[in-house]
Amino acid sequence: MIPHVSARPLDIDTFVSLCKRRGFMFQSSEIYGGLSGVWDFGPLGAEMKRNYKDAWWRAVIQERDDMVGLDSAILMHPRVWEASGHVENFTDPLVDCLKCRQRFRADQLEDRICPQPPCPNQFTEARNFNLMFETTIGPVQESGNKVYLRPETAQGIFVNFEHVRSSMRRKLPFGIGQCGKSFRNEITIGKSFFRVREFEQMEVEYFVKPGTDEEWHRRWIEDRLAWYRSIGIRSENLRVRAHEADELSHYSKGTSDIEYRFPDGWFTKVWGEIEGIANRTDYDLRRHSEYSGKSLTYFDEETNEHYFPYVIEPSAGVDRGVLVALIDAYDEEPDKDGVRVVLRLHPVLAPIKVAVLPLSKKEPLTDIARGIRRDLSRHWMVQYDDTQAIGRRYRRQDEIGTPFCVTVDFETVNDHAVTVRDRDTMEQIRVPIADLVPAIEQLLAEKAAACAG
Ligand code: ATP
(Lines give C-alpha, C1' and ligand atoms only; values in the text may rest on other atoms or scores of the structure.)
Protein backbone atom coordinates (compact mmCIF):
# COMPACT_ATOMS: atom_id res chain seq x y z
CA MET A 1 0.00 0.00 0.00
CA ILE A 2 1.47 3.37 -0.99
CA PRO A 3 1.53 5.53 2.18
CA HIS A 4 -0.29 8.85 2.18
CA VAL A 5 1.48 11.94 3.44
CA SER A 6 -1.51 14.08 4.36
CA ALA A 7 -3.64 13.43 7.42
CA ARG A 8 -5.64 16.58 6.68
CA PRO A 9 -9.35 15.85 6.35
CA LEU A 10 -10.35 16.41 2.75
CA ASP A 11 -12.74 19.30 2.36
CA ILE A 12 -15.79 18.54 0.20
CA ASP A 13 -15.62 21.80 -1.77
CA THR A 14 -11.93 21.28 -2.62
CA PHE A 15 -12.77 17.81 -3.85
CA VAL A 16 -15.82 18.77 -5.93
CA SER A 17 -13.84 21.63 -7.45
CA LEU A 18 -10.98 19.27 -8.42
CA CYS A 19 -13.46 16.88 -10.04
CA LYS A 20 -14.91 19.70 -12.11
CA ARG A 21 -11.65 21.52 -12.91
CA ARG A 22 -9.91 18.38 -14.11
CA GLY A 23 -12.83 16.89 -16.05
CA PHE A 24 -13.93 14.04 -13.80
CA MET A 25 -17.48 15.14 -13.10
CA PHE A 26 -19.87 17.92 -13.99
CA GLN A 27 -23.36 18.60 -12.76
CA SER A 28 -25.93 17.59 -15.36
CA SER A 29 -27.31 20.46 -17.47
CA GLU A 30 -25.31 22.95 -15.44
CA ILE A 31 -25.77 25.77 -18.00
CA TYR A 32 -29.50 25.56 -17.20
CA GLY A 33 -28.93 25.66 -13.46
CA GLY A 34 -28.32 21.91 -13.08
CA LEU A 35 -30.60 18.96 -12.41
CA SER A 36 -30.58 17.86 -8.81
CA GLY A 37 -29.08 14.47 -8.13
CA VAL A 38 -27.82 13.91 -11.68
CA TRP A 39 -24.15 14.10 -12.69
CA ASP A 40 -22.21 13.71 -15.92
CA PHE A 41 -18.83 12.02 -16.07
CA GLY A 42 -16.30 14.18 -17.92
CA PRO A 43 -13.56 12.74 -20.15
CA LEU A 44 -11.42 11.56 -17.20
CA GLY A 45 -14.44 10.42 -15.17
CA ALA A 46 -15.71 8.38 -18.12
CA GLU A 47 -12.32 6.65 -18.43
CA MET A 48 -12.17 5.96 -14.73
CA LYS A 49 -15.72 4.64 -14.59
CA ARG A 50 -14.96 2.29 -17.49
CA ASN A 51 -11.81 1.11 -15.70
CA TYR A 52 -13.77 0.55 -12.48
CA LYS A 53 -16.44 -1.54 -14.20
CA ASP A 54 -13.80 -3.47 -16.18
CA ALA A 55 -11.92 -4.31 -12.95
CA TRP A 56 -15.18 -5.62 -11.46
CA TRP A 57 -16.10 -7.59 -14.59
CA ARG A 58 -12.66 -9.17 -14.73
CA ALA A 59 -12.66 -10.22 -11.05
CA VAL A 60 -16.30 -11.23 -10.78
CA ILE A 61 -17.01 -12.75 -14.19
CA GLN A 62 -13.95 -13.27 -16.38
CA GLU A 63 -11.71 -14.88 -13.76
CA ARG A 64 -14.39 -17.16 -12.26
CA ASP A 65 -15.71 -20.30 -13.87
CA ASP A 66 -18.98 -20.16 -11.87
CA MET A 67 -20.12 -16.79 -13.29
CA VAL A 68 -21.56 -15.48 -16.56
CA GLY A 69 -22.43 -11.96 -17.68
CA LEU A 70 -25.68 -10.38 -18.87
CA ASP A 71 -26.91 -7.05 -20.22
CA SER A 72 -30.64 -6.81 -19.66
CA ALA A 73 -32.85 -3.86 -20.67
CA ILE A 74 -33.74 -0.95 -18.40
CA LEU A 75 -37.44 -1.12 -19.28
CA MET A 76 -39.27 -4.26 -18.18
CA HIS A 77 -42.81 -5.57 -18.05
CA PRO A 78 -44.65 -3.71 -15.24
CA ARG A 79 -45.66 -7.01 -13.62
CA VAL A 80 -41.96 -7.57 -12.82
CA TRP A 81 -42.12 -4.78 -10.25
CA GLU A 82 -45.32 -6.13 -8.72
CA ALA A 83 -43.74 -9.56 -8.35
CA SER A 84 -40.48 -8.16 -6.96
CA GLY A 85 -42.36 -6.21 -4.30
CA HIS A 86 -41.12 -2.83 -5.52
CA VAL A 87 -44.58 -1.41 -6.28
CA GLU A 88 -45.62 -2.15 -2.73
CA ASN A 89 -42.40 -1.83 -0.75
CA PHE A 90 -39.84 0.32 -2.56
CA THR A 91 -40.74 3.38 -0.56
CA ASP A 92 -39.09 5.79 1.83
CA PRO A 93 -40.95 7.63 4.60
CA LEU A 94 -41.44 11.22 3.42
CA VAL A 95 -42.11 14.21 5.72
CA ASP A 96 -42.51 17.92 4.99
CA CYS A 97 -41.15 20.60 7.31
CA LEU A 98 -44.17 22.76 8.21
CA LYS A 99 -42.08 25.94 8.20
CA CYS A 100 -39.72 25.80 5.22
CA ARG A 101 -41.77 23.24 3.21
CA GLN A 102 -38.67 21.22 2.39
CA ARG A 103 -39.10 17.46 2.12
CA PHE A 104 -36.96 14.95 3.96
CA ARG A 105 -36.60 11.24 4.51
CA ALA A 106 -37.97 10.76 8.01
CA ASP A 107 -35.45 8.03 8.83
CA GLN A 108 -32.53 10.32 7.96
CA LEU A 109 -33.53 13.22 10.20
CA GLU A 110 -31.43 13.30 13.32
CA ASP A 111 -33.76 13.71 16.35
CA ARG A 112 -36.50 14.90 13.97
CA ILE A 113 -34.77 18.26 13.55
CA CYS A 114 -35.08 20.15 10.29
CA PRO A 115 -31.53 20.63 8.93
CA GLN A 116 -32.47 24.10 7.62
CA PRO A 117 -32.19 26.24 10.80
CA PRO A 118 -33.93 28.10 12.29
CA CYS A 119 -36.98 25.94 11.50
CA PRO A 120 -38.84 24.51 14.47
CA ASN A 121 -38.92 20.74 14.33
CA GLN A 122 -42.49 20.27 13.19
CA PHE A 123 -43.24 17.93 10.36
CA THR A 124 -46.21 16.39 8.62
CA GLU A 125 -46.94 12.75 9.40
CA ALA A 126 -44.62 10.43 7.47
CA ARG A 127 -46.13 8.97 4.29
CA ASN A 128 -44.73 6.34 1.98
CA PHE A 129 -43.16 7.69 -1.20
CA ASN A 130 -42.35 5.22 -3.99
CA LEU A 131 -38.87 5.83 -5.40
CA MET A 132 -39.52 4.37 -8.86
CA PHE A 133 -39.66 6.74 -11.84
CA GLU A 134 -42.66 6.09 -14.07
CA THR A 135 -43.00 6.62 -17.78
CA THR A 136 -45.23 5.33 -20.56
CA ILE A 137 -44.39 2.99 -23.39
CA GLY A 138 -45.67 3.57 -26.92
CA PRO A 139 -47.23 6.69 -28.44
CA VAL A 140 -50.54 6.68 -26.54
CA GLN A 141 -50.54 7.78 -22.92
CA GLU A 142 -53.28 5.64 -21.49
CA SER A 143 -53.67 3.20 -18.65
CA GLY A 144 -51.87 -0.07 -19.19
CA ASN A 145 -48.91 1.68 -20.83
CA LYS A 146 -47.15 2.53 -17.59
CA VAL A 147 -43.57 1.25 -17.22
CA TYR A 148 -40.86 2.01 -14.71
CA LEU A 149 -37.21 2.94 -15.06
CA ARG A 150 -35.63 0.06 -13.18
CA PRO A 151 -34.49 0.92 -9.64
CA GLU A 152 -32.04 -2.03 -9.61
CA THR A 153 -30.57 -4.27 -12.28
CA ALA A 154 -31.25 -7.46 -10.30
CA GLN A 155 -34.73 -8.17 -11.66
CA GLY A 156 -33.38 -8.39 -15.22
CA ILE A 157 -31.28 -11.28 -13.96
CA PHE A 158 -34.10 -13.09 -12.16
CA VAL A 159 -36.48 -13.01 -15.12
CA ASN A 160 -33.72 -14.42 -17.34
CA PHE A 161 -32.63 -17.08 -14.84
CA GLU A 162 -33.97 -20.03 -16.81
CA HIS A 163 -32.79 -18.71 -20.21
CA VAL A 164 -29.27 -18.23 -18.91
CA ARG A 165 -29.16 -21.50 -17.01
CA SER A 166 -30.31 -23.58 -19.94
CA SER A 167 -28.41 -21.75 -22.71
CA MET A 168 -25.15 -21.83 -20.70
CA ARG A 169 -25.85 -25.38 -19.35
CA ARG A 170 -25.17 -24.32 -15.76
CA LYS A 171 -25.43 -26.31 -12.56
CA LEU A 172 -25.68 -24.85 -9.06
CA PRO A 173 -23.88 -23.01 -7.67
CA PHE A 174 -23.49 -20.40 -10.40
CA GLY A 175 -24.02 -16.68 -10.75
CA ILE A 176 -25.05 -14.04 -13.25
CA GLY A 177 -23.56 -10.56 -13.14
CA GLN A 178 -24.35 -7.33 -14.92
CA CYS A 179 -23.56 -3.62 -14.92
CA GLY A 180 -26.09 -1.03 -15.88
CA LYS A 181 -28.12 2.07 -15.14
CA SER A 182 -30.62 2.26 -12.31
CA PHE A 183 -32.91 5.11 -11.37
CA ARG A 184 -34.31 6.12 -7.99
CA ASN A 185 -36.30 9.23 -7.26
CA GLU A 186 -34.43 9.81 -4.00
CA ILE A 187 -36.07 12.25 -1.59
CA THR A 188 -32.97 13.91 -0.19
CA ILE A 189 -29.87 14.51 -2.23
CA GLY A 190 -26.68 15.71 -0.59
CA LYS A 191 -24.14 18.20 -1.81
CA SER A 192 -21.92 15.71 -3.58
CA PHE A 193 -22.69 12.67 -5.71
CA PHE A 194 -23.05 10.09 -2.91
CA ARG A 195 -26.81 9.76 -3.39
CA VAL A 196 -27.99 10.42 -6.92
CA ARG A 197 -31.12 9.75 -8.96
CA GLU A 198 -29.50 8.14 -11.99
CA PHE A 199 -26.59 5.80 -11.36
CA GLU A 200 -25.00 2.54 -12.39
CA GLN A 201 -24.90 -0.69 -10.46
CA MET A 202 -22.74 -3.79 -10.73
CA GLU A 203 -24.83 -6.66 -9.45
CA VAL A 204 -24.39 -10.39 -9.02
CA GLU A 205 -27.17 -12.87 -8.37
CA TYR A 206 -25.50 -16.05 -7.19
CA PHE A 207 -27.78 -19.12 -7.18
CA VAL A 208 -27.10 -21.82 -4.59
CA LYS A 209 -28.67 -24.89 -3.07
CA PRO A 210 -30.80 -23.97 -0.01
CA GLY A 211 -28.84 -24.80 3.11
CA THR A 212 -25.53 -23.71 1.56
CA ASP A 213 -26.67 -20.07 1.37
CA GLU A 214 -25.11 -18.83 4.63
CA GLU A 215 -21.70 -20.20 3.75
CA TRP A 216 -21.88 -18.59 0.28
CA HIS A 217 -23.02 -15.32 1.84
CA ARG A 218 -19.89 -15.29 4.05
CA ARG A 219 -17.65 -16.13 1.10
CA TRP A 220 -19.05 -13.33 -1.05
CA ILE A 221 -18.62 -10.78 1.74
CA GLU A 222 -14.95 -11.76 2.06
CA ASP A 223 -14.38 -11.78 -1.72
CA ARG A 224 -15.94 -8.40 -2.23
CA LEU A 225 -14.03 -6.80 0.64
CA ALA A 226 -10.80 -8.23 -0.80
CA TRP A 227 -11.70 -6.75 -4.20
CA TYR A 228 -11.93 -3.20 -2.80
CA ARG A 229 -8.51 -3.67 -1.24
CA SER A 230 -7.13 -5.07 -4.50
CA ILE A 231 -8.07 -1.86 -6.34
CA GLY A 232 -6.25 0.22 -3.75
CA ILE A 233 -8.95 1.31 -1.28
CA ARG A 234 -7.20 1.52 2.08
CA SER A 235 -8.22 -1.16 4.57
CA GLU A 236 -8.58 1.27 7.46
CA ASN A 237 -11.35 3.04 5.52
CA LEU A 238 -13.38 -0.12 4.87
CA ARG A 239 -15.61 -2.12 7.16
CA VAL A 240 -18.43 -4.67 6.99
CA ARG A 241 -21.64 -3.90 8.86
CA ALA A 242 -24.41 -6.44 9.31
CA HIS A 243 -27.96 -5.05 9.13
CA GLU A 244 -30.11 -5.10 12.26
CA ALA A 245 -33.27 -7.19 11.93
CA ASP A 246 -35.47 -4.07 11.58
CA GLU A 247 -33.33 -2.72 8.71
CA LEU A 248 -33.66 -5.76 6.47
CA SER A 249 -35.43 -5.42 3.12
CA HIS A 250 -38.61 -7.42 2.59
CA TYR A 251 -36.74 -10.13 0.64
CA SER A 252 -33.67 -10.47 2.86
CA LYS A 253 -32.70 -13.11 5.39
CA GLY A 254 -29.47 -11.27 6.17
CA THR A 255 -27.59 -8.33 4.63
CA SER A 256 -24.10 -7.00 5.25
CA ASP A 257 -22.95 -3.71 3.82
CA ILE A 258 -19.41 -2.88 2.86
CA GLU A 259 -19.00 0.65 4.13
CA TYR A 260 -16.43 3.35 3.49
CA ARG A 261 -15.26 5.93 5.98
CA PHE A 262 -15.91 9.28 4.31
CA PRO A 263 -13.94 12.35 5.39
CA ASP A 264 -15.25 14.08 8.53
CA GLY A 265 -18.01 16.59 7.97
CA TRP A 266 -19.09 15.42 4.50
CA PHE A 267 -22.28 13.61 5.42
CA THR A 268 -24.34 13.17 8.59
CA LYS A 269 -22.78 9.72 9.04
CA VAL A 270 -19.08 9.08 8.50
CA TRP A 271 -19.49 5.47 7.34
CA GLY A 272 -21.51 5.10 4.13
CA GLU A 273 -22.57 2.02 2.17
CA ILE A 274 -20.77 1.25 -1.08
CA GLU A 275 -22.06 -2.29 -1.56
CA GLY A 276 -24.82 -4.37 -0.01
CA ILE A 277 -24.49 -8.16 0.10
CA ALA A 278 -27.86 -9.76 0.74
CA ASN A 279 -29.15 -13.27 1.21
CA ARG A 280 -32.35 -12.91 -0.85
CA THR A 281 -33.44 -16.50 -0.15
CA ASP A 282 -35.73 -17.89 -2.87
CA TYR A 283 -37.99 -14.85 -2.66
CA ASP A 284 -37.46 -13.51 -6.19
CA LEU A 285 -37.58 -16.76 -8.19
CA ARG A 286 -40.60 -17.93 -6.21
CA ARG A 287 -42.47 -14.66 -6.74
CA HIS A 288 -41.66 -14.49 -10.47
CA SER A 289 -42.81 -18.06 -10.80
CA GLU A 290 -46.12 -17.21 -9.12
CA TYR A 291 -46.70 -13.99 -11.07
CA SER A 292 -45.62 -15.29 -14.50
CA GLY A 293 -46.96 -18.81 -14.20
CA LYS A 294 -43.61 -20.13 -15.51
CA SER A 295 -41.62 -22.65 -13.55
CA LEU A 296 -38.36 -21.21 -12.25
CA THR A 297 -37.31 -24.16 -10.13
CA TYR A 298 -34.05 -26.02 -10.59
CA PHE A 299 -33.79 -29.76 -11.11
CA ASP A 300 -30.99 -31.19 -8.97
CA GLU A 301 -29.71 -34.31 -10.75
CA GLU A 302 -27.82 -35.48 -7.67
CA THR A 303 -30.79 -35.52 -5.33
CA ASN A 304 -33.48 -35.92 -7.99
CA GLU A 305 -35.53 -33.00 -6.67
CA HIS A 306 -36.91 -29.71 -7.94
CA TYR A 307 -36.44 -26.64 -5.78
CA PHE A 308 -36.09 -22.87 -5.93
CA PRO A 309 -32.41 -21.93 -5.55
CA TYR A 310 -31.45 -19.44 -2.86
CA VAL A 311 -29.74 -16.25 -4.01
CA ILE A 312 -26.79 -14.30 -2.68
CA GLU A 313 -26.66 -10.79 -4.09
CA PRO A 314 -23.55 -8.59 -3.94
CA SER A 315 -24.86 -5.25 -5.23
CA ALA A 316 -22.39 -2.40 -5.72
CA GLY A 317 -22.77 1.17 -6.94
CA VAL A 318 -20.45 2.28 -9.73
CA ASP A 319 -20.77 6.03 -9.20
CA ARG A 320 -20.34 5.69 -5.44
CA GLY A 321 -17.38 3.38 -5.98
CA VAL A 322 -15.65 5.83 -8.32
CA LEU A 323 -16.30 8.59 -5.78
CA VAL A 324 -14.73 6.48 -3.04
CA ALA A 325 -11.71 5.57 -5.18
CA LEU A 326 -11.09 9.27 -5.90
CA ILE A 327 -11.47 10.34 -2.26
CA ASP A 328 -9.30 7.52 -0.99
CA ALA A 329 -6.54 8.34 -3.49
CA TYR A 330 -6.46 12.06 -2.69
CA ASP A 331 -3.27 13.20 -0.99
CA GLU A 332 -1.38 16.43 -0.43
CA GLU A 333 2.28 16.82 0.34
CA PRO A 334 4.44 19.88 0.95
CA ASP A 335 6.79 20.85 -1.84
CA LYS A 336 8.82 23.88 -2.85
CA ASP A 337 5.80 25.59 -4.49
CA GLY A 338 3.54 25.00 -1.50
CA VAL A 339 1.47 21.87 -1.82
CA ARG A 340 1.59 19.00 -4.30
CA VAL A 341 -1.84 17.43 -4.82
CA VAL A 342 -1.57 13.83 -5.95
CA LEU A 343 -4.19 11.17 -6.63
CA ARG A 344 -2.51 7.93 -5.61
CA LEU A 345 -4.89 5.91 -7.79
CA HIS A 346 -4.33 2.24 -8.45
CA PRO A 347 -3.05 2.12 -12.08
CA VAL A 348 -5.97 -0.09 -13.08
CA LEU A 349 -8.31 2.81 -12.21
CA ALA A 350 -6.14 5.75 -13.31
CA PRO A 351 -7.85 7.42 -16.29
CA ILE A 352 -4.54 8.21 -17.99
CA LYS A 353 -1.71 5.70 -17.57
CA VAL A 354 1.10 7.68 -19.22
CA ALA A 355 1.65 11.32 -20.15
CA VAL A 356 4.05 12.27 -22.91
CA LEU A 357 5.71 15.62 -22.28
CA PRO A 358 8.18 17.09 -24.82
CA LEU A 359 10.41 19.83 -23.42
CA SER A 360 9.99 21.89 -26.57
CA LYS A 361 7.18 22.58 -29.01
CA LYS A 362 9.57 22.43 -31.95
CA GLU A 363 11.10 19.78 -34.17
CA PRO A 364 12.83 17.41 -33.77
CA LEU A 365 11.41 16.88 -30.23
CA THR A 366 7.74 17.06 -31.24
CA ASP A 367 8.20 14.54 -33.99
CA ILE A 368 9.79 12.05 -31.59
CA ALA A 369 7.22 12.76 -28.85
CA ARG A 370 4.27 12.31 -31.20
CA GLY A 371 5.71 9.00 -32.37
CA ILE A 372 5.99 7.86 -28.74
CA ARG A 373 2.42 8.97 -28.05
CA ARG A 374 1.20 7.00 -31.04
CA ASP A 375 3.03 3.83 -29.96
CA LEU A 376 1.99 4.02 -26.31
CA SER A 377 -1.64 4.79 -27.13
CA ARG A 378 -1.98 1.36 -28.75
CA HIS A 379 -1.55 -0.03 -25.23
CA TRP A 380 -2.88 2.60 -22.83
CA MET A 381 -4.76 5.87 -22.49
CA VAL A 382 -2.10 8.50 -23.06
CA GLN A 383 -2.18 12.26 -22.70
CA TYR A 384 0.12 14.52 -24.72
CA ASP A 385 0.91 17.85 -23.12
CA ASP A 386 3.37 20.42 -24.45
CA THR A 387 2.06 23.57 -22.74
CA GLN A 388 3.69 25.48 -19.86
CA ALA A 389 6.72 24.65 -17.74
CA ILE A 390 7.53 20.99 -17.15
CA GLY A 391 6.96 21.34 -13.37
CA ARG A 392 3.39 22.57 -13.95
CA ARG A 393 2.77 19.70 -16.35
CA TYR A 394 3.96 17.14 -13.78
CA ARG A 395 1.64 18.71 -11.19
CA ARG A 396 -1.32 18.48 -13.55
CA GLN A 397 -0.65 14.78 -14.12
CA ASP A 398 -0.17 14.17 -10.37
CA GLU A 399 -3.53 15.78 -9.73
CA ILE A 400 -5.31 13.37 -12.09
CA GLY A 401 -3.40 10.33 -10.84
CA THR A 402 -1.30 9.54 -13.95
CA PRO A 403 1.18 6.90 -12.72
CA PHE A 404 4.02 7.77 -15.13
CA CYS A 405 5.21 10.73 -17.19
CA VAL A 406 7.53 10.31 -20.15
CA THR A 407 9.66 13.38 -20.80
CA VAL A 408 11.25 13.89 -24.19
CA ASP A 409 14.24 16.22 -23.70
CA PHE A 410 17.06 17.61 -25.78
CA GLU A 411 19.29 14.62 -24.94
CA THR A 412 16.68 12.31 -26.50
CA VAL A 413 17.82 13.37 -29.97
CA ASN A 414 21.28 11.95 -29.26
CA ASP A 415 20.69 9.00 -26.92
CA HIS A 416 17.25 7.88 -28.22
CA ALA A 417 16.11 7.59 -24.61
CA VAL A 418 13.51 9.38 -22.46
CA THR A 419 12.97 10.10 -18.78
CA VAL A 420 10.20 8.20 -17.00
CA ARG A 421 8.95 9.87 -13.80
CA ASP A 422 7.06 8.07 -11.05
CA ARG A 423 3.94 9.89 -9.71
CA ASP A 424 4.42 8.81 -6.09
CA THR A 425 8.17 8.89 -5.53
CA MET A 426 8.88 11.49 -8.25
CA GLU A 427 11.97 9.42 -9.06
CA GLN A 428 13.16 9.50 -12.66
CA ILE A 429 14.82 6.81 -14.72
CA ARG A 430 16.25 6.88 -18.22
CA VAL A 431 14.70 4.36 -20.63
CA PRO A 432 15.62 3.75 -24.32
CA ILE A 433 12.63 4.57 -26.57
CA ALA A 434 12.91 1.08 -28.08
CA ASP A 435 12.26 -0.47 -24.61
CA LEU A 436 9.54 1.95 -23.52
CA VAL A 437 6.48 -0.29 -23.92
CA PRO A 438 7.84 -3.28 -21.94
CA ALA A 439 9.40 -0.90 -19.38
CA ILE A 440 6.09 0.87 -18.72
CA GLU A 441 4.28 -2.45 -18.64
CA GLN A 442 6.66 -3.57 -15.90
CA LEU A 443 6.41 -0.29 -13.99
CA LEU A 444 2.61 -0.37 -14.09
CA ALA A 445 2.62 -3.94 -12.75
CA GLU A 446 4.95 -2.93 -9.92
CA LYS A 447 2.80 0.06 -9.06
CA ALA A 448 -0.35 -2.07 -9.11
CA ALA A 449 1.27 -4.39 -6.57
CA ALA A 450 2.34 -1.42 -4.45
CA CYS A 451 -1.16 0.12 -4.52
CA ALA A 452 -3.10 -3.04 -3.63
CA GLY A 453 -3.73 -3.58 0.06
P1 ATP B 1 -28.99 3.56 0.61
O2 ATP B 1 -29.30 2.94 1.93
O3 ATP B 1 -27.69 4.33 0.57
O4 ATP B 1 -30.13 4.29 -0.03
P5 ATP B 1 -29.59 1.03 -0.53
O6 ATP B 1 -29.35 0.14 0.64
O7 ATP B 1 -30.96 1.37 -0.92
O8 ATP B 1 -28.70 2.35 -0.39
P9 ATP B 1 -29.00 -0.95 -2.45
O10 ATP B 1 -30.40 -1.08 -2.90
O11 ATP B 1 -28.41 -2.02 -1.57
O12 ATP B 1 -28.79 0.45 -1.76
O13 ATP B 1 -28.10 -0.71 -3.72
C14 ATP B 1 -26.82 -1.29 -3.88
C15 ATP B 1 -25.78 -0.24 -4.15
O16 ATP B 1 -26.20 0.64 -5.20
C17 ATP B 1 -25.49 0.67 -2.97
O18 ATP B 1 -24.54 0.08 -2.10
C19 ATP B 1 -24.93 1.89 -3.64
O20 ATP B 1 -23.55 1.73 -3.92
C21 ATP B 1 -25.69 1.94 -4.95
N22 ATP B 1 -26.79 2.91 -4.82
C23 ATP B 1 -28.04 2.68 -4.36
N24 ATP B 1 -28.76 3.81 -4.39
C25 ATP B 1 -27.94 4.77 -4.87
C26 ATP B 1 -28.09 6.16 -5.15
N27 ATP B 1 -29.25 6.78 -4.96
N28 ATP B 1 -27.04 6.84 -5.64
C29 ATP B 1 -25.86 6.22 -5.87
N30 ATP B 1 -25.66 4.93 -5.64
C31 ATP B 1 -26.67 4.20 -5.15
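The values are calculated or read from the model by the stated rules, or taken from the named source; none is laboratory data. It should be emphasised that the depicted structure is a prediction, and the values quoted were computed from it without experimental measurement. When we count neighbours, we look across all protein chains shown, and the Cβ atoms used for this are built from the backbone with ideal geometry, even at glycine.
Beta carbons closer than 7 Å, at least 6 apart along the sequence or on distinct chains, never pair a first residue in the stretch 317-330 that is in contact (Cβ under 8 Å) with a residue 12 or more places away in the chain and among the acidic types (Asp, Glu) with a second that is more than 14 Å from the ligand (Cβ to nearest atom) and assigned to a strand (DSSP E or B). Applying a threshold of 6 Å to beta carbon distances and a minimum spacing of six or more residues, or different chains, the list of pairs starting in the stretch 374-397 at a residue that is on the phi < 0 side of the Ramachandran plot and ending at one that is among the β-branched types (Val, Ile, Thr) and part of a helix (DSSP H, G or I) is empty. Within the option set 180, 156, being farther than 29 Å from residue 266 by Cα, small (Gly, Ala, Ser) and either more than 26 Å from the chain's Cα centre (by Cα) or within 16 Å of the ligand (Cβ to nearest atom) (or both) holds for one residue only, 156. Examine the stretch 95-116 for a residue that is part of a loop (DSSP other than H, G, I, E, B), under 26 Å from the mean Cα position of the chain (by Cα) and either among the hydrophobic types (A, V, I, L, M, F, W, C) or surrounded by 15 or more Cβ atoms within 10 Å (Cβ to Cβ) (or both), and state whether such a residue exists. No, the stretch 95-116 contains no residue that is part of a loop (DSSP other than H, G, I, E, B), under 26 Å from the mean Cα position of the chain (by Cα) and either among the hydrophobic types (A, V, I, L, M, F, W, C) or surrounded by 15 or more Cβ atoms within 10 Å (Cβ to Cβ) (or both). Scanning the stretch 329-364 for residues that are of a type in the set (Gly, Ala, Ser), farther than 23 Å from residue 375 by Cβ and within 23 Å of the chain's Cα centre (by Cα) gives a single hit, 329. Please work out which residue is farthest from the ligand (Cβ to nearest atom), limiting yourself to the stretch 193-234 and to residues that are among the basic types (Lys, Arg) and in a loop (DSSP other than H, G, I, E, B). Top of the filtered list is 209. Taken over the stretch 274-293, the residue count meeting the criterion of being surrounded by fewer than 16 Cβ atoms within 10 Å (Cβ to Cβ) and either of a type in the set (Ser, Thr, Tyr) or within 14 Å of the ligand (Cβ to nearest atom) (or both) is 2. For residues that are in contact with a Leu (Cβ under 8 Å, 6 or more places away or on another chain) and not in a loop (DSSP other than H, G, I, E, B), scanning just the stretch 355-383, find the one that is surrounded by the most Cβ atoms within 10 Å (Cβ to Cβ). The residue in question is 358.
Set side by side, the residues 355, 325, 350 differ, and just one is at pLDDT 95 or above and within 16 Å of the ligand (Cβ to nearest atom), which is 325. Tell me, which residue of the stretch 163-197 that is out of contact with any strand residue (DSSP E or B) (no Cβ under 7 Å at 6 or more places or on another chain) and farther than 30 Å from residue 93 by Cα is surrounded by the fewest Cβ atoms within 10 Å (Cβ to Cβ)? In this case the residue turns out to be 169.
Within the stretch 179-224, the set of residues being under 20 Å from residue 135 (Cβ atoms) and of a type in the set (A, V, I, L, M) comprises 187, 196.
Where helices (runs of 4 or more DSSP H) fall wholly inside the stretch 1-90, the ranges with 3 or more residues that are β-branched (Val, Ile, Thr), over 28 Å from residue 223 (Cα atoms) and modelled with pLDDT under 95 are 12-21. For residue 66, indicate whether it is out of contact with any Leu (no Cβ under 6 Å at 6 or more places or on another chain), without any contact (Cβ under 8 Å) to a residue 24 or more places away in the chain and acidic (Asp, Glu). So residue 66 does not fit the description; no. Of the residues 424, 386, the single one that is among the acidic types (Asp, Glu), over 30 Å from the mean Cα position of the chain (by Cα), under 25 Å from residue 337 (Cβ atoms) and assigned to a loop (DSSP other than H, G, I, E, B) is 386.
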